[in-house]
1. For Arg27, Arg82, give me the order by solvent-accessible area with a 1.4 Å probe, most accessible first, ignoring ligands, DNA and RNA.
2. Would you calculate the convex hull of the Cα atoms in segment 35-100 and tell me its volume per residue in Å³?
3. Can you grab the distance from the C-alpha centre of segment 88-146 to the C-alpha centre of segment 1-59, Å, no decimals?
4. Pull out the extension gain between Lys10 and Tyr138, defined as 0.36 nm times the separation in residues minus the alpha carbon to alpha carbon distance; nm, one decimal.
5. From the protein chains alone at 1.4 Å, what is the descending order of accessible area for Met140, Met1, Met105, largest first?
6. In segment 114-156, what trypsin sites (Lys or Arg not before Pro) fall in a loop by DSSP, with at most 12 other Cβ atoms inside 10 Å?
7. When ligands, DNA and RNA are left out and all protein chains stay put, how many square angstrom of accessible area per residue does segment 1-90 have with a 1.4 Å probe?
8. Taking all pairs of different Cα atoms in segment 1-43, averaging 1/r and flipping that mean, what Kirkwood radius in angstroms comes out?
Amino acid sequence: METRFNLNGKDVVCHQDPSVRLLDALRGEFGLTGPKCGCGEGECGACAVLLDGKLVTSCLVPVGRCRGAKIVTIEGFAGTPRHKALSDAFDACGAVQCGFCTPGMLLAAEALLSRTPHPTPEQIREGLSGNLCRCTGYAMIIDAVRMAAEKGAGLW
């Protein structure tokens, strides 16, 4: 069975069974290792991707649901001016340690800032609420998203 969608700006055909998790197809068929399998239950955000501009946990999305969709992984987001603004802010605030959660956090921040370019700290906490970090601590991550919103004004 084939499922066609746009992945990181390119039209692709996925040859997986439609019930296969998007996470497994991204990692296995397309070799994209940015999305990680953390919990496998949609609780940690390590597998987060943007599906038609909305943040989703790819461990809960069957490939068949992606037919005709636009999917962006951290690999597709990397190198954009918005990624640079977020990445620089995460570095400046010390919001990265082991890096396991970082791709999901960056995509969650992108989804939030796309909706709300000047979020309050509470909105940032809510926007990142589906992403777990065991190393850094959320205060530094919240500071990083706030800094990116301030310094990247006009990008979102």
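The values are calculated or read from the model by the stated rules, or taken from the named source; none is laboratory data. These numbers were taken from a predicted model, which means no experiment stands behind them. No Cβ is skipped: glycine too gets one built from the backbone with ideal geometry, and neighbour counts run over all protein chains shown. Calculation scope for accessible area: heavy atoms of the full protein, side chains included, ligands and nucleic acids excluded. Shrake-Rupley method; radii C 1.70, N 1.55, O 1.52, S 1.80 Å.
1. Arg27, Arg82
2. Dividing the Cα hull volume of segment 35-100 by its residues yields 94 Å³.
3. Spelled out, the Cα-based centre of one part sits 21 Å from the other.
4. The Lys10-Tyr138 span can extend by a further 42.7 nm.
5. Accessible-area ranking of Met140, Met1, Met105, largest first: Met1, Met140, Met105.
6. Arg134
7. 48 Å²
8. 11.2 Å
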